Every structure is written in C-alpha cells, then in structure tokens.
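K.L.:
Before I ask anything, here is the structure I am working with.
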Amino acid sequence: MSKTDAQVIAEPFEAPVAETWPDDMLPLVSALGEPAPFPLAAFPKAMRDCATVLLRTTQAPDAIIGGSLLAAASLAAQAHADVVLPHGAVSPLSLFVVSVAESGERKSAVDSLVLRPHAAFEKAKHDAYVTEMAEFKALPKADKETTDEPRKAVFMASDPTVEGMSKLLERGLQSVGIFSSEGGRFMGGHGMSEDNQLRTAAGLSLMWDGGALDRVRAGDGAHKLYGRRVALHLMVQPRAAFTWLGNPVLRDQGLFSRCLVGYPASTAGTRFFKDERPDATPEYIAYLAAMEKLLQPAWATNEMGELTPRPLTLDEDARNQWIALHDDIEGSIPTVLANVRGFASKLAEQVARVAGVLALVHNPDATFITNQAMTSAAEVLQWYIGEAIRLSGAQPQREGTDRAVLLWDWLVKRGNRVVCLAELTQYGPGKLRQAKVMRETMAVLSDHYCVRPTLDPIEWDGRQRTEAWEVRL
C-alpha cells in the first residue's frame, strides 16, 4: 500500500548530523519593522473626511489612501501655482508618490474613487477636443496654417515612456499625471530597460523639477518645452518596488530622492464585509466638490501656450517654521538621515510643495501658505522620512530569496529535521518542484545557515538518498 502525502511528509527521519551549527541563521529578508500610522488627520477637511470614509469602506491600508489623496491633490493643484521658497527659489507643486502594497490590498478600488473627479475632468477635456478638432479639420487650408491645432486631451497616463510624455506635453495638455495602480508595468516597461533607464530617470527628475524639457523631432531639430507640470503616483507590489528602489543606476541619478515612498502594513484578514457605498456618503461627495473646485479654473498660460502658475509665498510664521525645518534636516544629515542623504537633501522642498498643495485644497484661490498648512505638511513628510529610513534597510528581493522564503516556510511547517531532494521535488511547494530549482533554493537556505547537507545518505520512501539536508529547527 502506498503512503499518503500526509503520511510521507509527517514521517520523522533520523540521520547523522553535525552537533553544532557554525553561525547564527541569517535573515532571508531584511527586517523592516512596523510602519507608523499615516497622518491622515493632517489633511484639509475634504481630504481628511474622504480618507475616513475610504478607510471604513474599502478597508485599504491607510498609506494607500493617504498617498492616493496626496498625489491626486497634487495633480489638481500643480497647474495653478508654484511655491516660492524663502531664498527665492521657485518650486512646482508636483509630487511623485510611490505606494507599495501586495496584490489584493484594494489599490485599484482606492485610486478609482480618489481619481473620479480627475477622470471626469479628462472626459470633459476630451469631449471639447473632439469638437474643436472637427472644427479645425473643417477650416480652409490657409486658415489651418495660422491656427493652432487643438491640444490632445490626455490628463492621466499609466505607462508612458519619457519620449511619449514629452510628446504628450508638447501636443497635449500642459499639466498631466502618470498614475497607475499597476506600477510594476511602468517599472518593468520599455522605459526602464537597461538601455533606457538612465534617460527615463533623468527625464522624470527634470519633470519633477519643473525644468525645461528637451524635445527632439525629426525635421524640426531640438527645442525646449517650458511651463509643463507632471505629477506621479505608482502603486506597486513589494518585489517590483524593492528591485526598482535598489537599482544603483536610478538611485545614483537622483530619481528616488524625489519620490515619497510608503509601504503600509497589510489589512488582509481584517476586511470584513461593510454594507456601505463610499460614493454615497456626504464626505465623499464633499471631496468631489473640493477637487472639482480645484480642477475647473482655467490654467493661466502665456502666448506660447506655456503654463504661468501664480506664486505662492509663505506667510511670516510659515517662513520661520520652514527655515527651522530646513536647518533641523541639514543638521541631521550626518547622523539619523545619513542612510537617506539624497531624500533628506530635498526634504525641505518637499515640505513646501506639500504645504502648497494642501493650501490650495483648502482654498483654491490662495496666494500664500499659512503656518497651519506648513505644520500639516511637516507631519506628512515626517511620516515619509520615517518610511525612507525604515525602507533603506530593505535589500532588493531577488527571485532566489523569494523562493527561499517560500521553501523555508514549508520546511518549518513540515517540522522534520532532515529532508531529501526527492521529497522536495515530490511534495515541496508546487512552483519549486524541479530538481534544478530546488538545488538552487536549498543553496540559498544553506548560505543563510538555515539548512546544511547531511553527513551521510538518509532513507526515504524505501531508498537511500544522497542529496539530503539537515533543517535547522
């Protein structure tokens, strides 16, 4: 009679093993610690109340909701104003947000609700474009030569290349967003290939800076694009995120120092059914109204079609607070911020940008930033700097390490002190049941002192097995 899977797996084996292990086990993945709660209370009322509803109804992680709201507000605000820093530098209100979460954390559900007013704005722009384009095509040829072609109405793109974004910003709207709830497609796409990643990172960094973009066209040569704004929010799974964030080319270029990255704790296992529609609540309806009020005013442009955002200055208290923050950050770079030096170098500017965004959500006609807006922004950035420090210890997750984590979990649950290759390929984790893959994965576990080869063959399923390991339980 053949043994059942359960009998085979549960059957204890004894084999000759060494008495001591040479070293302590090494962690398979870096210990990150628990993230702090996202400071949703720092948001203006419309955003804060919407966040409360989304927390209750979608039950998504708090920082997924917070990051989505912050990026959406930046996209709505960036065409209208720039912030003037105390030393005279002018900074856009563009924010680059990266939210890290496993599959199934309700990323898409949150984004679809938060970006609903932006999608409606884009649809209205598209409808107007269709009408204007029909009128343009009906013009006599002579009139077409003296009339600007209507701008393409793409407000949000999910997976563009830098070249595609430059083309879009030239021929389309002057303020756009790169928004994707499947950010791994962007991180692993053509623009981030080995041949293109440096150019992509440089282009994105320039867009965050609000600088003039190079546009090269066959026949026309090179020229500059001024007065353009780009906001970004990528939601991405941990493995793709850590691989991307661990890329030394992108890190050294400086792109990551411009990104607000958050990796909240999962809410899986606590999301019991709630019989409530978020879009029917007064708080969500008030959020829609606040975003529409910020989105609807016409963008100020010059005769070249370039955005001319109005300046947002800091009132005296906000200015004093920003200077104190700037100096505190600078003094901390050699010590607590040493591992995130690049991010820290732009932290004071990030605080001012977020303060400007929050100020416009509170009052779309604002011309200055209050101390309250600066305080709120500092709370938000305090969370993101905490995340930067926490995540700076995360090693890029190689496929081999991911496999090792999966196999180690199986070995621990199995509970036996020895295992052979034949058993692993027959009963181990399904995705690893190839001899070559199992050998490679056991080698990773051996490198971390989780397993080691047995001194002698072991008996399994009636036969002597020479490829076998002791499991450190």
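Only the coordinates and a few stated rules stand behind these numbers; no lab work does. All figures in this text were calculated on a predicted structure; none of them were measured in a lab. Neighbour counts are summed over all protein chains in view; Cβ atoms, including those assigned to glycine, are modelled from backbone coordinates with ideal geometry.
K.L.:
Could you calculate the contour length gain from D327 to A289, that is, 0.36 nm times the residue separation minus the distance between their Cα atoms, to one decimal place in nm? Mind dumping the intermediate values first?
P.N.:
Details: separation 38, 0.36 × 38 = 13.68 nm, distance 3.80 nm.
Residue separation times 0.36 nm, minus the Cα-Cα distance, leaves 9.9 nm.
K.L.:
While we're here: Starting from the Cα of K137, draw a straight line to each of the aspartates and glutamates and keep only those under 18 Å, dropping any in the same chain fewer than 8 residues away.
P.N.:
D127, E145, D148, E149
K.L.:
In the range 102-161, which GluC sites (Glu not before Pro) fall in coil by DSSP and have 11 or fewer other Cβ atoms within 10 Å?
P.N.:
Numbers: sites: E102, E105, E122, E132, E135, E145; in loops: E102, E105, E145.
The qualifying sites are E145.
K.L.:
Is the shape of the range 203-338 rounded, prolate or oblate, going by the alpha carbon gyration tensor and its root eigenvalues a ≥ b ≥ c, with a/c under 1.5 for rounded and a/b larger than b/c for prolate? Each step should come with its number before you reach the end.
P.N.:
Numbers: a/c = 1.37, a/b = 1.17, b/c = 1.17.
Since a/c stays below 1.5, the shape of the range 203-338 is classed as rounded.
K.L.:
Among (i) 89, 56, 49; (ii) 67, 61, 46; (iii) 81, 48, 39, which is the computed Cα extents along the principal axes in Å?
P.N.:
The value matching this structure is (i).
K.L.:
Moving on to the next point. Could you pull out the pairs from K107/K346; K141/K167; K107/K274; K123/K152; K107/K152; K224/K293 whose alpha carbons sit more than 20 Å apart here?
P.N.:
Values: K107/K346 27 Å; K141/K167 24 Å; K107/K274 17 Å; K123/K152 12 Å; K107/K152 28 Å; K224/K293 32 Å.
The pairs that break the limit, which is 20 Å between Cα atoms, are K107/K346; K141/K167; K107/K152; K224/K293.
K.L.:
Here's another thing I want to ask about it. For the chain, what's the relative contact order in percent, using C-alpha pairs closer than 8 Å and at least 6 residues apart?
P.N.:
Working: 765 pairs, mean separation 114.7, N = 473.
Result for the chain is 24 percent.
K.L.:
Quick one: what are the phi-derived ³J(HN,Hα) couplings along the range 50-61, Karplus 6.51/-1.76/1.60 with θ = phi - 60°, whole Hz, x for glycine and proline?
P.N.:
So the Karplus estimates, Gly and Pro as x, are 4, 4, 4, 5, 5, 4, 6, 9, 7, 6, 6, x Hz.
K.L.:
For a Förster distance of 25 Å, can you work out the FRET efficiency between the beta-carbons of T313 and Y226, rounded to the nearest 0.05? Working shown, then result.
P.N.:
Working: r = 22 Å, r/R0 = 0.88.
With a Förster radius of 25 Å, E is 0.70.
K.L.:
On to the next question. Multiplying the sequence separation of V405 and Y449 by 0.36 nm and subtracting their Cα-Cα distance, what value in nm do you get?
P.N.:
14.5 nm
K.L.:
Here is a follow-up. Restricting to the chain, what percent of DSSP beta bridges are antiparallel, rounded to 5? Kindly include the intermediate steps, with their values, before the conclusion.
P.N.:
Values: 18 of 41 bridges.
About 45 percent, rounded to the nearest 5.
K.L.:
Also: If amide hydrogens are placed 1.01 Å from N in the peptide plane, which non-local residues have theirs closer than 5 Å to the one on E182?
P.N.:
M235
K.L.:
Want the number for S392 to T367: 0.36 nm per residue separation, take away the alpha-carbon distance, what's left? Show your work: numbers first, answer last.
P.N.:
Working: separation 25, 0.36 × 25 = 9.00 nm, distance 3.69 nm.
Gain in length upon complete extension: 5.3 nm.
K.L.:
Roughly how many Å is it from the Cα centre of the range 448-473 to that of the range 409-440, as a whole number?
P.N.:
11 Å
K.L.:
Would you mind putting 33-42, 267-276 in packing order, based on average other-beta-carbon counts within 10 Å, highest first?
P.N.:
33-42, 267-276
K.L.:
So if I place +1 on the C-beta of Lys and Arg and -1 on the C-beta of Asp and Glu, and nothing else carries charge, what would the dipole magnitude of the chain be about its Cα centre? I want it in debye, nearest 20.
P.N.:
Numbers: 49 positive and 59 negative charges, 154 e Å.
Rounded to the nearest 20 debye, it is 740 debye.
K.L.:
For V154, list long-range residues whose amide hydrogen, built 1.01 Å from N in the peptide plane, is under 5 Å from its own amide hydrogen.
P.N.:
Those qualifying (amide H under 5 Å, at least 5 residues apart or on another chain) are L173.
K.L.:
What does the C-alpha gyration tensor say about the overall shape of the range 349-470? Classify as rounded when a/c is under 1.5, otherwise prolate if a/b is larger than b/c, or oblate. Could the numbers behind the result be given before it?
P.N.:
Values: a/c = 5.38, a/b = 4.37, b/c = 1.23.
Prolate, since a/c reaches 1.5 and a/b exceeds b/c.
K.L.:
Sort the range 40-298 into rounded, prolate or oblate with this rule: let a ≥ b ≥ c be the square roots of the eigenvalues of the Cα gyration tensor; rounded if a/c is under 1.5, and if a/c is not under 1.5, prolate when a/b is larger than b/c, oblate otherwise. Kindly include the intermediate steps, with their values, before the conclusion.
P.N.:
Values: a/c = 1.86, a/b = 1.31, b/c = 1.42.
It comes out oblate by the Cα gyration axes.
K.L.:
Please report the antiparallel percentage of DSSP beta bridges with both residues in the range 40-298, rounded to the nearest 5.
P.N.:
On the way: 8 of 26 bridges.
Roughly 30 percent of the beta bridges in the range 40-298 run antiparallel, per DSSP.
K.L.:
Starting at the first residue of the range 303-309, write each ³J(HN,Hα) from the Karplus equation 6.51 cos²θ - 1.76 cosθ + 1.60 with θ = phi - 60°, in whole Hz, x for Gly and Pro.
P.N.:
My calculation for the range 303-309 gives 5, 8, x, 8, 4, 10, x Hz in order.
K.L.:
If you add up the charges near T281, with Lys and Arg at +1 and Asp and Glu at -1, over every other residue whose beta carbon is less than 10 angstrom from its beta carbon, what do you get? Intermediate values should be presented prior to the final figure.
P.N.:
Working: positive: R56, R277; negative: D49, E276, D279, E283.
Residues near T281 contribute -2 overall.
K.L.:
I've got another one for you. Check E459: other-chain or 5+ apart residues with amide H under 5 Å from its amide H, H built from backbone geometry?
P.N.:
Counting only residues 5 or more places away or on other chains, the set is R465.
K.L.:
Within 12 Å, Cβ to Cβ, of D365, how many net charges do the neighbouring residues add up to if Lys/Arg are +1 and Asp/Glu are -1? Mind showing how you got there, number by number?
P.N.:
Values: positive: K293, R310; negative: none.
Summing Lys/Arg as +1 and Asp/Glu as -1 gives +2.
K.L.:
Step through the residues of the range 422-438 one at a time and calculate ³J(HN,Hα) from phi using the Karplus curve (6.51 cos²θ - 1.76 cosθ + 1.60, θ = phi - 60°), rounding each to whole Hz and writing x for Gly and Pro.
P.N.:
Ordered by residue, 3J(HN,Hα) equals 4, 5, 4, 6, 8, 10, x, x, x, 6, 10, 7, 10, 4, 4, 5, 5 Hz.
K.L.:
Tell me what the chain gives for mean residue ellipticity at 222 nm when only DSSP H runs of n ≥ 4 count, each as -39,500 (n - 2.57), the sum divided by the residue total, rounded to 500 deg cm²/dmol.
P.N.:
On the way: 19 runs with 220 residues, N = 473.
The helix-only estimate for the chain comes to -14500 deg cm²/dmol at 222 nm.
K.L.:
Let me ask something additional. Run the reach check for K413 against lysines, Cα to Cα strictly under 21 Å, same-chain hits fewer than 8 apart removed. What comes back?
P.N.:
Partners found: K3, K431.
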